[in-house]
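Laboratory data are not the source of any read-out in this text; all were calculated from the coordinates shown. If you're wondering where the values come from, they're calculated on a predicted model, not measured in any experiment. Don't worry about glycine lacking a Cβ; one is built from the backbone with ideal geometry, like all the others, and counts go over all protein chains shown.
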Amino acid sequence: MQVNDNKEFQPLIVAFCCNWCSYAGADLSGTNRLNYPTNVKIIRVPCSCRVNPMFILRAFQKGADGVILCGCHPGDCHYTSGNYFTRRRMTLLFSMLDFLGIERDRTRVEWVSAAEGAKFAATMNEFTEAVKKLGPNRRLEDLRCRKQ
Amino acid sequence: MQRIGVFVCHCGTNIAATVDVKTVAETLGKEPGVVISQDYQYMCSESGQNLVKDAIKEHNLTGIVICSCSPRMHENTFRKAAAAAGLNPYLVEIANIREQCSWIHKEIATATEKAVILGRAAIAKVHLNAPLTAGESPVVKKALVIGGGIAGIQTALDIAEAGFDVDIVEKNPTIGGKMAQIDKTFPTLDCAACILTPKMVEASQNERITIRSFSEVTDVKGFVGNFTVKIKKKARYVDETKCTGCGLCTEKCPMKKVPNEFNMGLDNRSAVYIPFAQAVPKVATIDPNYCMMLKTGKCGVCSKVCSVGAINYKQQDEIIEEKYGAIIVATGFNPISLDKYDEFAYGQSPDVVTSLELERLMNAAGPNGGTLLRPSDKTHPHTIVFVQCVGSRCDDSKGKPYCSKICCMYTAKHAMLIREKYPDTEVYVFYIDVRTPGKNFDEFYRRAVEQYNVHYIKGMVGKVTPKSDGKIDVQASDLLANEQLHINADMVVLAAAIEPDKTARPLATMLTTQMDTNDFFTEAHPKLRPVESATAGIFLSGACQGPKDIPETVAQASAAAAKAIGLLCKNSITCNPCVAHSNELMCNGCSSCEKVCPYGAITYIDKEFRMPDRTTKVRRVASVNPAVCQGCGACTVACPSGAMDLNGFSNSQIMAEVDAICK
Amino acid sequence: MQEAMINKAKQLLADGTVSRVIGWKRGEFAYDITPAVFETAEELEKDFVFDDFTSANVSKYLVKESKKEGKVLVFLKPCDTYSLNQLTKEHRVDRDNIYVVGIPGGPKLDIEKIKAKGITGITSVKNDNFTLKIETLYGEETMPFYEAVLDKCASCKSKKHVTYDELIGEDGDTLESNRFDMVEQLENMTSQERYDFWRSELSKCIRCNACRNVCPACTCENCVFDNPASGIDNKAPADSFEENMFHIIRAFHVAGRCTDCGECSRVCPQHIPLHLLNRKFIKDINSLYGEYQAGADTTSRAPLTDYTADDCEASIVHERGVE
């Protein structure tokens, strides 16, 4: 949790982006100078299907306030079928987190193609706002790992 | 102990204007394991790269982090630089502080803070990077071309020319494809057979080319450089090695009422047949659906008249297995079925024909010997209406959303040929747009309008109604004059949309290549890699990738050949080392990973393990073929025990990045 | 029944069909039943038990036992046969080396429910026409049979054996069970209520790993929690919600593979309703990807290693009712 001078809550957002579509989409929003908040930190993975639920849980445990996973649009996966597996895995995982009482708006999957720089920026703006509204993630964290 | 070097690029002012690069370099310099942290104006420039190389040597670095533009931009540049300085190229990590930081943020304080965090994540990852060596896998110096139309023939000829063996697999009894059925070609109006058949002969005579006609690919295993393909050689009931193509059997065959597919069913052929005079291979084929001998066991005329004893009623399908280094798909196209187009009365009147049927009607080797006659009463047509875009550029489910590309030009050709040969015939062309980009194409179209007085009318035909007097009423709108028209026509020619061959989809599954929603093969990159599929070692030639005319098809066929030759020239290929691998000690052999692998890269072996108590135990464990694996990582998540991991993006590396970001 | 089973086992040992038998034997107390391997007729005569407390699912023992020399006889209740099928499908057991005798299922008893009535010093428990006659050091007590039935048996999903070589008694059918009721009840709570529920449950976890050790889907050679390269290897348990990372990951790893045998909750010394996590996944899978029962066969594709192009998006979670 970063707290800036005017004490507005600044959430920490971890974004996993697949190398072929979404990471390129993120690059494109940079190339087009489309702003999104500094709260978003991107981790590059070869395919959205590389994202293990453990990574997401770990992020929350270590203090992330929201985790978003971006991949190629269904049907466009560089590896043919990766994002289809991602979709099932994340649907079930997010449903489970919801079942455990974790706020649903802290997790999200979004399909962003390499051409959708504008969508990437818009998605990140929107998601950051949504997480900001929820406030800090207190339900799913490990207090011992927090920066004091 | 790790010795990590951090290099922060200014990228002129691209990064330096919003990120305080000095602070980034200074802060990251204090991270554990970092022994040198520098900033520089342009890290990717030669002097920038030298800075990195010198630092690697001077500080004996074990890993480097470049804080710069996107890894998609310069990761390779810095990997090469590292390799040149003696550092394994996979010990390089990039922190993207331009596209994903300086360019999207405005405030220097927060942008700098983020750049530091991105740098830290890269440092955390590089701590866990392992040196990787790209493996090598041998290349079988032989290519397979699937489809023997002009695309396949051209590709095969080019590859053979370069000195490699090529097999052409063609599902029909002869090669030649659609071009063999075409009468004249635009925009030069030279005869298709005159330019195609010499190429067919050339292919059959080239000692490096093997034509496997009347055959289909049934199974593809393996990977780039090393495919194993099963080919089904369908029974033609004629011994190819004996048949001389004399044609006596086709003359004597009593069963003469078989619709002739080569002439689009406009006339008949015999049950034993040679598709056309210039067929390659020129060998007879018996059609088991019509042959009396095969159906009832009574007849045997062809066998009696064949002087070389080539007829063999007992012939069976045969499966051949061959190895190839490269596969070129050239499965081509077909006109769509017009069953759903009742409004154009196709199927109701024999005088409503498709453009490809018109080609046969006008062809000297066609059913009428080259004289254009109405199929219904064999009279000379005086008014012909052409309808464009039948099923092309359609937004409903009946047709195709794309432009079939070739129809505008061949219709101009047809119109011109008819006006040339039969000046008393009026020709109307109804179009949505006339699209004629291409060398000498627009000139060609203008000649049709200006010199040959073909009536081009912008508008769509609403209804075609066959009348009792044998004429056809064509009801249409003229959009420019804004009026309704009725034309009393003798013939109507429909420019049916083209679609990929039906064999393409099952083939794509076998090849694990991608297709678009219209079943055209998807190229690896729409602009920069237009003749390669995304699957390594599979190339695309001709209309299987999208609608194309002959010059484009031939150009793409040669391009695909060039790409395939580039692969076949190599003795071995370097594999991407960022692939999955299984820790056999932890693998359960449960098959979860195999089920999610899109490439069939995972197999299982029974492996013997020495146990701590000195006994041995045999366990089923996963084994990844690094030449086949493309490194998506689907298996790593499917694996419950975490035995499956991915080089370059390992569980611990990604966890380390997460931790660094969330610190 | 016990007699018939012992006779069957003795016969199969004698004619050489099998060389050992997996069943149950008594522990320190009458109700304290534990799985056991028997190799001789004498051992069977002496120790083999089958009664209202033989609830343990012994299929997991086949992972090791089926790989040894000679065939192994195993007595499986209907619910246990699902686990065996799942293990066969995942190549964890050698089915050819197993001789399955299907035996009737429960309902089996939960000693904790008897003790919860304040009954102590129990020496034996007898079912007399659905009234339990409980001998204790302090005299006889009684209670209705159904009040002491194990939770997993109370929501039994099937009386049908999905794999067997031979049956003792008759085969039953799959049942309409109420097993998703509690999951649904939780789903209808608010997010905060659910969080409070799970926090209070999961914070009881002492990370004894009993759930993992008993689970027939958890047969990994080396658990991911014991793998230093996984980044999530075992840490000291702490009184924190962090404990549920273990349970979320465990539930996710068995999602689409869990047959809902209920052993995890049965063995939990802290009485955490862990089966609810698995059932949540099963319920979601059934409703989103079509009915799927793990272990019903040995060939179908598991829901998480399968997909269709028109699967729902993850956002379906956000679109559901109660927040």
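Quick look at the numbers
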| item | result |
| --- | --- |
| Translational D in µm²/s for chain B (Stokes-Einstein at 10 °C, 1.306 mPa s, Kirkwood Rh from C-alpha pairs) | 54 |
| Packing-based order for B:64-73, C:92-101, C:112-121, using average beta carbon neighbours within 10 Å, highest first | B:64-73, C:92-101, C:112-121 |
| Per-residue HN-Hα couplings for segment B:566-576 [Karplus 6.51, -1.76, 1.60; θ = phi - 60°; Hz; x = Gly/Pro] | x, 6, 5, 4, 7, 7, 8, 10, 7, 9, 5 |
| Tilt relative to chain C, helix C:275-289 - C-alpha long axis, 0 to 90 degrees, to 10 | 60 |
| For peptides B:507-514, C:177-184, B:406-413, sequence by mean Cβ density within 10 Å, most packed first | B:406-413, B:507-514, C:177-184 |
| Residue mean of other protein chain beta carbons inside 10 Å, A:117-124 | 1 |
| Over segment B:407-462 - Rg/Rh using Cα atoms and the Kirkwood inverse-distance radius | 0.95 |
| Value at 222 nm in deg cm²/dmol, rounded to 500, when DSSP H runs of n ≥ 4 in chain C each add -39,500 (n - 2.57) | -9000 deg cm²/dmol |
| For chain B: relative contact order, % (alpha-carbon pairs under 8 angstrom, 6 or more apart) | 13 |
| Rounded to whole Hz, the Karplus (6.51, -1.76, 1.60) HN-Hα couplings of segment B:506-523, x for glycine and proline | x, 5, 4, 5, 4, 8, 6, 9, 9, 10, 8, 5, 8, 6, 7, 5, 8, 7 |
| Per-residue mean of C-beta atoms belonging to partner chains within 10 Å, peptide B:641-648 | 5 |
| 11 Å beta-carbon shell around B:ALA124, net charge (K/R +1, D/E -1) | -1 |
| Calculated from backbone phi, Karplus (6.51, -1.76, 1.60) coupling profile of segment B:462-471 in Hz, x at Gly/Pro | x, 8, 10, 10, x, 9, 5, 7, x, 7 |
| Sparse-neighbour loop sites [trypsin sites (Lys or Arg not before Pro); segment B:300-367; at most 12 other C-beta within 10 Å; DSSP] | B:LYS314 |
| Cα-based helix-to-principal-axis angle, B:651-662 vs chain B, degrees rounded to 10 | 70 |
| Extent along principal axes [Cα atoms of chain C; Å; largest to smallest] | 60, 49, 41 |
| Where only C-alpha atoms are counted, convex hull volume of the protein assembly as shown per residue in Å³ | 245 |
| Per-bin percent of Cα-Cα distances, segment C:6-108 [5 Å] | 2, 14, 24, 25, 20, 11, 3, 0 |
| Inter-site label distance for B:SER47 and C:PHE29 at 7 Å from Cα along Cβ, in nm | 8.4 |
| CD proxy at 222 nm, helix term only [per DSSP H run n ≥ 4: -39500 (n - 2.57); per residue of chain B; nearest 500] | -8000 deg cm²/dmol |
| Rounded tilt (10° steps) of B:441-450 against the dominant C-alpha axis of chain B | 30 |
| For segment B:124-245: relative contact order, % (alpha-carbon pairs under 8 angstrom, 6 or more apart) | 24 |
| Average partner coverage of C:82-91, which counts Cβ from other chains inside 10 Å | 2 |
| Percent of beta bridges antiparallel (DSSP, segment C:41-150, rounded to nearest 5) | 70 |
| Ordering of B:280-291, B:49-60 by packing [mean C-beta count within 10 Å, highest first] | B:280-291, B:49-60 |
| Shape call, segment B:248-305: gyration tensor on alpha carbons, a/c limit 1.5 | oblate |
| Cα extents of segment C:48-95 along the three principal axes, largest first (Å) | 31, 22, 11 |
| Residue among C:LYS60, C:LYS133, C:LYS160 with the largest mean-square fluctuation in a Gaussian network model of chain C, springs linking Cα atoms under 10 Å | C:LYS133 |
| Rg(Cα) / (2.2 N^0.38 Å) computed for segment C:178-323, rounded to two decimals | 1.09 |
| Shape call, segment A:13-136: gyration tensor on alpha carbons, a/c limit 1.5 | oblate |
| Whole-number percent relative contact order across segment B:309-408, with pairs defined as alpha carbons under 8 Å at least 6 apart | 12 |
| Where Cα atoms sit under 21 Å apart: lysine pairs in segment B:4-128 separated by 8 or more or lying on different chains | 13 |
